[in-house]
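The values are calculated or read from the model by the stated rules, or taken from the named source; none is laboratory data. Since this is a predicted model, take the numbers as computed values, not measurements. FYI the Cβ positions are ideal-geometry reconstructions off the backbone, even for glycines, and counts take in every protein chain you see. Just so you know, the surface numbers come from the protein's heavy atoms only, side chains and all, with ligands and any DNA or RNA stripped out. Shrake-Rupley method; radii C 1.70, N 1.55, O 1.52, S 1.80 Å.
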Amino acid sequence: MTDTIAAAKAGDETAFAALTGGHRRELHVHCYRMLGSFDEAEDAVQEALLNAWRGLGTFDGGNFRAWLYRIATNACLDALRKKDRRVPSARSFAEVPWIQPYPDRLLDEIAPSEAEPHALAVARETIELAFLAALQMLPPRQRAVLILRDVLGWQAAETAELLDLSVPAANSALQRGRATLRERLPQQRGEWSVPAPSEEERALVRRLVEAHDNGDFGTLSSLVRDDVRVTMPPEPHCHLGLENLARLGRIAEEMGEWRAVAVDANRMPAFASYLRRPGDTVFRAFKLDVVRLVGGKAAEFTTFDSHLFPAFGLDTVLEGQ
């Protein structure tokens, strides 16, 4: 690695790409947690890698991965300062309008064995939407400390050095961040983080997709909880209960024909929906629903637009059938 670093410092872009390529996805996931947005994370990683290239001469031969995390974290903190976002005040995706889903197919690029240093980077409980939304409630520096310590497993001294803090200041920020999360998240972890979907639950999602495509609300209502919850970031609305779900179903039915494809996002089941409007000949990408399952039924749908279909490996158009 020493020779590669020397070559990169001499201006060899291929050597620099070799140094950073293996870290790019984990840096993107880190920035995604910091910012809550897939697109903004991409911008932050691009900025971080540009800054790393420009500042490579200052790298003193220590831990290169930690050096990249320092640059990426600072890129996120700079982005958050420019946006001056209001810290959400409630346990609702509607309070985090910038939130976006993350494709599991990309998380799988860095899904390592438990012994590898970035194993925690894609752990289910640290990437699910509820936890991600709760992170956005923390002030940026607290958020960075909590992610580095509790998500990535860094030591206090490492975290303090990365953020140019004293160890007591870093520990204080961590305790405040943990206290805020305890207030925002349900006390019982199972209420916001669930195990990997079982085969039965995946079968449930397939039945949801079929009922969705057929406009079969009778079947759909039997597969969801009575207190089902639907949010549609960035819209500031929360739709609760079967009556509101039925109303949304009627609106969808009037729009045209639907086709859905099962996918996975944030280590949760999801389905991507295509709409063929009256008079059209093809189904066009329309929305993506991330589903939270509780007790063998759908408890929550978080509905996003079709903007990230390509990131999920999905076509934007399906031929009509």
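Just a few scattered comments:
- Screening the stretch 33-51 for residues that are among the aliphatic types (A, V, I, L, M) and either without any contact (Cβ under 8 Å) to a residue 24 or more places away in the chain or more than 17 Å from L163 (Cβ to Cβ) (or both) and picking the one that is most open to solvent (accessible area, probe 1.4 Å) gives L50.
- Every pair of residues 6+ apart whose Cβ atoms lie under 7 Å, when the first sits in the stretch 17-32 and is under 16 Å from F59 (Cβ atoms) and at pLDDT below 95 while the second is among the hydroxyl-bearing types (S, T, Y) and in a helix (DSSP H, G or I): A18/T4; L19/T4
- Among the residues making up the stretch 66-84, those that are under 22 Å from W98 (Cβ atoms), open to solvent by 20 Å² or more (accessible area, probe 1.4 Å) and in a helix (DSSP H, G or I) are N74, D78, A79, R81, K82, K83.
- Pairs with Cβ under 9 Å, 6+ apart, first in the stretch 147-175 and within 21 Å of F64 (Cα to Cα), second outside any helix (DSSP H, G or I) and hydroxyl-bearing (S, T, Y): A160/S166
- For the stretch 241-263, the count of residues that are in contact with an Asp or Glu (Cβ under 9 Å, 6 or more places away or on another chain), open to solvent by 30 Å² or more (accessible area, probe 1.4 Å), of a type in the set (D, E) and under 29 Å from I127 (Cα atoms) is zero.
- Strands (runs of 3 or more DSSP E) within the stretch 236-321 that include 2 or more residues touching a residue at least 60 places away in the same chain (Cβ under 8 Å): 257-265, 268-276, 282-294, 297-305
- The set of residues in the stretch 166-186 being open to solvent by 50 Å² or more (accessible area, probe 1.4 Å) and either closer than 16 Å to N63 by Cα or among the hydrophobic types (A, V, I, L, M, F, W, C) (or both) consists of V167 alone.
- Scanning the stretch 220-235 for residues that are without any contact (Cβ under 8 Å) to a residue 40 or more places away in the chain and either among the aromatic types (F, W, Y) or open to solvent by less than 50 Å² (accessible area, probe 1.4 Å) (or both) yields a count of 2.
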